[in-house]
Amino acid sequence: MASTRAAAGSGRRRGITFVVTAVVAAIVIFPVYWMIVGALLPTSITLSTDPPLIPTHGLTLHAFVQDLTARPVAHWMLNSLIVTAAVSVISMVISLLAGYSLSRFSGVGPTSVGYTLLLARMLPGTMLSIPLFVVFGKLGLIDSLGSLILADITITVPFTTWMLKSFIDSVPRELEQAAMIDGTTRLGALVRVVMPLTLPGLGATAVYAAILSWSDLLFARTLITNPDGWTMPVGVTSFIGAHDIDWSGMLAAGTLSMIPMIVLFVLLEPMLVRGLTSGATKG
Amino acid sequence: MTDLTAAGRGVRRRGPRTRWGRLRERGYPYALLSPPALLVLGLIAYPVVLVVEMSLRDGRAMNISAIGQEPWSISNYVDVLTDGDTYHSLWITALYTVISTFLSLLIGLGTALLLSRDMPARRLLRTLILVPWAVPGVVASVVFLFMLDGSYGVVNWILRSVGLTEHGPQWYFDPSTALAAVIAPTVWKGFPFFTLILLAALQAIPDELYEAARVDGASAAARFRYITWPAIRGTTVLGIILTGLWTFHTFDLIYPLTGGGPDGATETWAIRIYTEAFSFFHPGSASALGILSVVLALVVVASVFPIMRKQFF
């Protein structure tokens, strides 16, 4: 008798928690929903005195078709994709090596690299873009996607190195030592023993680097002046004109630039959660 | 434990015997470190040295690349520190950073506490609540620009419908509302990071602690005060510092929306550095302001961190 009452009570509690959380989630997700609605409806309907919160008719893919045919959205996407893929791969390689050194070796070299990376997070991107503009100008890299890749790495690696270090810290040294007794080199042990055990960390690194470089507006604006080299974020802002805004076109481009990140996030969320919290929960 | 150390010692004895082998083993940290070290030197340390140099060159140069030929001088720092706009902008930066970080923490903690409870479809709701973190800043900006449109935006429509206002503010064009209107997308994108790290910290608390407290008759407030809070305060401090730095440096959630305007109402130092350098072509004073903001960030983090730990946590 008492236990059924307790069960009913906890059932009601679960129900209330669910309803409250669902309302919160609906509010949080509303901007994403409203962007998609804005991309699917003509602006005359969404920006009106009485916009339909749940549209039932008038939905059209016109803005997406316009974006992909009349505007170089596909080209921006391709540029973004190249930069994002390169930044993710390079960030993984560099932060695996650096994270391993920070985790396993002590000494002046690893320590100073480690502190410089921590300090790098204190640097505002807008300040960093000034000397990077000068350096890449001297190297003739302005307007190339290469400059963007290098600039994005300066933002991702300081974070992902420390993230991977904490993953590598949890791999027992004895495993590598056993492999080295069996005749492999340290690099061999790193590749064959440590790397497979830090796959979630590498996954988190890749997602983090991908989201950051895919979203970068600052470096893309400063280092790329030719519209040929525009990435999605620069392209999306280009819909904002001096006098008016092509709303549905911009929201369609925004939707296209958001979807890959959300898919990536949903698929790799568990890895990412572990990656982002690896340093945080110890405190 | 003793077995492991013994094994470790055994390995060291059996390590590389030849001189070449020992040398190679000692060289590994440096070999592995060379790609990241090159990156750090070439893409972080050298640009920082360069920006310090640029800030110390006479500020007349309009051409960013030619500033190295100007004579040495502290005129940029004098210009920046005697300009009243610098301090107005600093005030905006403080408001923007503190309010955004505080609201992100509040919403992040609230959602983390909700999501740590048992409920149906928890995994789905968690993903939905965390999604804004993955949305590109520019995209967040344009959505809020759309929602907060002065005449026909959905937010003003809602405000009109519930009878709060007759017309609704011109969010991004009115100096009195523009700051709130850029804080909104910043909090929306910033709070899930708090949710994420606080949820992980909450889930690491053993249930037995709560059960024991309940048996002892502790109230919900007491359980939060004596069990939950001590377990998450370290994570909270870290989250405040990381989110604070992120907000302090934000570019893509302000610049596309207002460009720092109207009338400087949303011009944080980060935005001011950018416009000084790339719109007004004053690379010298932009660099000086950049260096000052690094110093400010270091001083605030270094001084706030111990105080927060001691006083409030």
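Modelled this way, with points 7 Å down the Cα-to-C-beta line, the labels at B:Asp85 and B:Leu298 are 2.7 nm from one another. Apolar share of the accessible surface for segment B:35-163: 70 percent from carbon plus sulfur atoms, 1.4 Å probe.
Over segment B:79-312, accessible surface divided per residue gives 42 Å², non-protein components excluded, 1.4 Å probe. Pull out the extension gain between A:Leu119 and A:Phe105, defined as 0.36 nm times the separation in residues minus the alpha carbon to alpha carbon distance; nm, one decimal. Length difference between fully extended and current span is 3.0 nm. Distant-in-sequence amide contacts of B:Arg57, defined by a placed amide H-H separation under 5 Å and a gap of 5 or more residues or a different chain, comprise B:Ser73. Solvent-accessible area of segment A:2-60 (1.4 angstrom probe, protein heavy atoms only): carbon and sulfur portion equals 71 percent.
Rounded to the nearest Hz, the phi-derived 3J(HN,Hα) couplings of segment B:269-278 under the Karplus curve 6.51 cos²θ - 1.76 cosθ + 1.60 (θ = phi - 60°) are 4, 4, 5, 4, 4, 5, 5, 4, 6, 10, where x marks glycine and proline. For chain A, the solvent-accessible area of protein heavy atoms averages 42 Å² per residue (probe radius 1.4 Å; ligands and nucleic acids excluded). Per atom type, segment A:72-149 shows carbon and sulfur on 77% of its accessible surface, probed at 1.4 Å.
Computed from phi, the 3J(HN,Hα) profile of segment A:48-62 under the Karplus parametrisation 6.51, -1.76, 1.60 (θ = phi - 60°) reads 9, 6, 9, x, x, 5, 10, x, 10, 9, x, 5, 8, 8, 3 Hz, with x in place of Gly and Pro. Shape class for chain B: oblate, because the ratio a/c of the largest to smallest gyration tensor axis (alpha-carbon atoms, square roots of eigenvalues) is 1.5 or more and b/c is at least a/b.
Each of B:Arg223 and A:Val263 was given a label point 7 Å from its Cα along the Cα-to-Cβ line. The distance between the two points is 4.2 nm.
Averaged over peptide B:254-266, the number of partner chain Cβ atoms lying within 10 Å of each residue's Cβ comes to 1. Buried accessible surface for the B/A pair, both sides summed and rounded to the nearest 100, is 8500 Å² with a 1.4 Å probe.
If R0 is 51 Å, the Cβ-Cβ spacing of B:Ala213 and B:Gln69 corresponds to a FRET efficiency of close to 0.15.
Loop sites here are trypsin sites (Lys or Arg not before Pro) outside DSSP states H, G, I, E and B with no more than 14 other Cβ atoms within 10 Å. The longest part of chain B free of them is B:61-313.
In sequence order, segment B:198-205 has phi-based couplings of 6, 4, 4, 5, 5, 6, 7, 7 Hz under the Karplus curve 6.51 cos²θ - 1.76 cosθ + 1.60, θ = phi - 60°, and Gly or Pro positions carry x. Largest accessible area first, the residues B:His249, A:His57 order themselves as A:His57, B:His249 under a 1.4 Å probe with ligands, DNA and RNA left out. Counting only heavy atoms of the protein chains and using a 1.4 Å probe, A:Tyr115 has close to 150 Å² of accessible surface.
The values are calculated or read from the model by the stated rules, or taken from the named source; none is laboratory data. Since we're looking at a predicted model, the values are computed, not measured. Positions of Cβ are backbone-derived with ideal geometry, glycine not excepted, and every protein chain shown enters the neighbour counts. Ligands, DNA and RNA are excluded from the accessible area calculation, which covers all protein heavy atoms including side chains. Shrake-Rupley method; radii C 1.70, N 1.55, O 1.52, S 1.80 Å.
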